[in-house]
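Working notes for the structure below.
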Number of protein chains: 2
Amino acid sequence: MSKLPLHEADSRLKKVQRAIAGMQADACIITSSVNQYWLCGFIFDGYLFLLPEGDPILFVKRPSNIVDERVKQIRKPEQIPAMLEEAGIAIPKRILIEADQLSFSAATRLQTAFKMPEIKNVSGELRKIRSVKSEYELEQMRESAGIHSKVYKLIPSLYCEGMTDLELQIEIERQMRLHGSMGIFRSFGENMDIFMGSMLAGDNAQVASPYDYALGGAGISPLLPLGANGTILRPGTTLMVDMAGNYRPCMDDMTRTFVIGYAPDIAYKAHQVSIDIHKAILGDFKAGTLCSALYLLAEEMVKENGLEPYFMGTVQQAKFIGHGVGLEINEPPVLTPRSEEVLEPGMAFALEPKFVLPGIGAVGIENTYIVHESGFENITLCEEALVTLS
Amino acid sequence: MSKLPLHEADSRLKKVQRAIAGMQADACIITSSVNQYWLCGFIFDGYLFLLPEGDPILFVKRPSNIVDERVKQIRKPEQIPAMLEEAGIAIPKRILIEADQLSFSAATRLQTAFKMPEIKNVSGELRKIRSVKSEYELEQMRESAGIHSKVYKLIPSLYCEGMTDLELQIEIERQMRLHGSMGIFRSFGENMDIFMGSMLAGDNAQVASPYDYALGGAGISPLLPLGANGTILRPGTTLMVDMAGNYRPCMDDMTRTFVIGYAPDIAYKAHQVSIDIHKAILGDFKAGTLCSALYLLAEEMVKENGLEPYFMGTVQQAKFIGHGVGLEINEPPVLTPRSEEVLEPGMAFALEPKFVLPGIGAVGIENTYIVHESGFENITLCEEALVTLS
């Protein structure tokens, strides 16, 4: 059932087992889809039980027919301790759980079932481990980015005069699906909904949203206040396209900006500053740099160009210019002014210095970079200049 | 900002406040998007703070510019107790939280911020309250179902010979979006992912999935093992279409089945049994009936027709034939053989007796019914017979 190469699965497991030992825990229980997939190559309704060494045990509620000798079928978590004892495994006294993802109810139920062990949160540690990718994962990201570029190149041919942002988005969504996008993509954190990505046309780019993405937008439903809102694509305005790069389990992230006809000079100028920030960061940095250094360099260039009021929003300004990306769209590290994280070889991050210009729209680009000892590798190879839709 | 009619918002608030009093709690803190929307008409990143009486207070992290006199802007939950004291409100000693949705980390952080009050779970109670809909909500569901039918009627015109389930699904998704679907739809519970719905062609309908939906399917990614998997739509097989009815915040749910060319007689027979179960349930029951009675009647008819091995799956069989529907796709009540829930006027439920026929595919229909004193109202008015695709 698993399509994960054995050496890949083994290396991931070993990293988590080192973390279990490092956190002086007796066991770790994985319940989130993302981390189950990351460790097993498939998803199930149940509990992935890890000890500091040895094979994992998969306590599975559903599906009922996984062919895998590590699987033990259960109906409820209360059965697990007796099954462990039968297998000669002591009931753990200190257990790591994904406390940032697992609900309070499910976590306390698990704790009660295990006779009240100490519970520690492993969510952050797993995210940290996952932030350094293997060559297998990086190759998935390069493949995803290649398809992402192909889809973006179709955008001018999908555009018709008088279209709304949403109508164009729907045609892009269709092309994404035809090119293999699985549809949903995952973000970390509570209340972080998104549907296939975000398109921001004209002043909708100024609308503040409840989510922790770089920009907002009103959306078309109060149940999902984000992105396209039905704005007609008018000459003189811009359209920022930040649709998902979920063509492989490990994703890329890329934004490109389009101009309807011609836009005022400031749009081209601010867009060029975004491109220049990318160039400066590519020129100046490599593995070993502090994430904050990237933010501070970008901020300096923004100030030199007098663009602070438009940087990362107007009404509400995001305080980061990039983020790690992988199985989830928002992984560590985060590029903030005070981040103490250091870029390590194998990390992959999206850099998205963006501007929102009142009366015009959002401009700027986002690329995904892989961190190497010698510098950053751009995997999102796609025209960076403002592309005209006409 | 809220588009929720005032009397609607007020009536919902009053119901929750009665629950707070009934559970002898001092306050209730709402953090999920669904319940924030249900009570306020919009979503925010923050804490909706409710007392047993009086106006709610919205402690909001993001967006930063909500125009609503009930809003107090915060950076973190630790600020809330001091702000309550300033407003002359005692720090609550027993707090209701949505423990089935809120993460263990977030819940314990909140508990610490409030100086360790007793925490009680209000998730189930809120779901119970929401299961009885207002006329405003029921009208949204009728409107959604009307659009749902329109989209399903287009399916024969979207079909081309030699298509895969996924290719047809992509064209349906596009029509759904053009007809106003907001894209994502919400399901309750952990690890319950879905993308716009499910299409099951031929033997893919037999594939067991980890999710708690009526049927499974392999999907196209190990990260989302559900629904269409690229099966070519071959003559002699069936295609079951169970795409989302999310054209309004309060949704409907509907399944229709298509035949590619002609299918063996058993397909038509089993499909008719599904329709007959709907008719029998419509004829026999009304408000006041036990949910289990619906299941037991269906089961009896399945047995009479010798279709038990195919009922609700083969390899893995679901143990319910229907479920409430509303802001989430899986609301109470659940129609199981041992359910002690009673159908009340204003409830809305999807009834989906389905069969999976090896070598052919899934058959059966799903309708959404509103419960009235006098009987059930079918809101999913759309051809029920097997429709031929050719």
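Bear in mind these aren't lab numbers, they're just calculated from the coordinates by the rules spelled out. Note that the coordinates shown come from a computational prediction; the quantities given were computed from them, not determined experimentally. All Cβ positions, glycine included, derive from the backbone under ideal geometry; neighbour counts span all protein chains shown.
Fully extending the segment from B:L154 to B:I266, taken as 0.36 nm per residue of separation minus the present Cα-Cα distance, adds 37.7 nm.
Ellipsoid fit via the Cα gyration tensor, the range A:197-338: semi-axes of 24, 20, 14 Å, each the root of five times an eigenvalue, largest first. Between B:K115 and B:E53, what's the calculated FRET efficiency when r is the beta-carbon distance and R0 is 25 Å? Round to 0.05. Efficiency, from the Cβ-Cβ distance: 0.65. Looking at chain B alone, DSSP beta bridges between its own residues are antiparallel in about 75 percent of cases. Quick one: Cα convex hull volume of chain B, Å³ per residue? Dividing the Cα hull volume of chain B by its residues yields 137 Å³.
Rounded to the nearest whole Hz, the Karplus-based 3J(HN,Hα) values (6.51 cos²θ - 1.76 cosθ + 1.60, θ = phi - 60°) of the range A:125-139 follow the sequence 5, 5, 5, 5, 4, 5, 5, 9, 8, 7, 4, 4, 6, 5, 5, with x at glycine and proline. When you restrict to C-alpha pairs under 8 Å that are six or more residues apart and normalise by the size of chain A, the relative contact order lands at 15 percent.
Once C-alpha pairs closer than 8 Å and six or more residues apart are averaged by separation and normalised to the residue number of the range A:6-129, the relative contact order reads 23 percent.
For the pair A:V67 and B:R338, label points projected 7 Å from Cα toward Cβ lie 3.3 nm apart. Per residue of A:178-188, other chain Cβ atoms within 10 Å of the residue Cβ number 4 on average.
In this structure, A:L381 and B:I89 have a Cβ-Cβ separation that, at R0 = 45 Å, corresponds to a calculated FRET efficiency of about 0.20.
In this simple spin-label model, placing a label point 7 Å from the Cα along the Cα-to-Cβ direction at both B:D10 and A:E300 gives a separation of 6.0 nm.
In the assembly of identical copies, A:P81 has its label point, taken 7 Å from Cα in the direction of the beta carbon, separated from the corresponding points by 3.2 nm (ascending, one decimal). Short-range pairs are left out: with C-alpha atoms under 8 Å and at least six residues apart, the relative contact order of the range B:278-390 is 28 percent.
Peptide B:36-45 is shielded by partner chain Cβ atoms: per residue, an average of 4 of them sit within 10 Å of its Cβ.
Take each residue in B:189-196, count the other chain C-beta atoms within 10 Å of its C-beta, and the mean is 6. Of all DSSP beta bridges confined to the protein assembly as shown, the antiparallel ones make up roughly 75%.
Histogrammed with a bin width of 10 Å, the alpha carbon distances of the protein assembly as shown distribute as 3, 13, 22, 26, 22, 11, 2, 0, 0 percent, first bin at zero.
Amide H contacts under 5 Å for A:M251: A:G326, A:L327, restricted to partners 5 or more places along the chain or on a different chain, H placed in the peptide plane at 1.01 Å from N. Each other copy places its own label point for B:L282 at 6.3 nm from this one, sorted shortest first, where the point lies 7 Å along the Cα-to-beta carbon line. When the helices of chain B are scored as -39500 (n - 2.57) per DSSP H run of n ≥ 4 and the total is divided over every residue, the value at 222 nm lands at -10000 deg cm²/dmol.
Across the range A:143-153, computed HN-Hα scalar couplings (Karplus, 6.51 cos²θ - 1.76 cosθ + 1.60, θ = phi - 60°) run 4, 4, 5, x, 6, 3, 4, 4, 5, 4, 5 Hz from first to last residue, x flagging Gly and Pro. Rounded to the nearest 20, the size of the Cβ-charge dipole of chain A about its Cα centre is 940 debye, with Lys and Arg at +1 and Asp and Glu at -1.
Taking all C-alpha pairs of the range B:6-129, those more than 17 Å from each other amount to 53 percent. Annotation for B:E78 and B:K286: the two label points, set 7 Å from Cα along the Cα-Cβ direction, are 6.0 nm apart. Along the range A:174-183 the Karplus relation, 6.51 cos²θ - 1.76 cosθ + 1.60 evaluated at θ = phi - 60°, assigns HN-Hα couplings of 4, 5, 4, 5, 5, 8, x, 4, 7, x Hz to successive residues, with x for each Gly and Pro. Across the identical copies, the label point of A:G162 (7 Å from Cα in the Cβ direction) is separated from its matches by 3.5 nm, in order from shortest.
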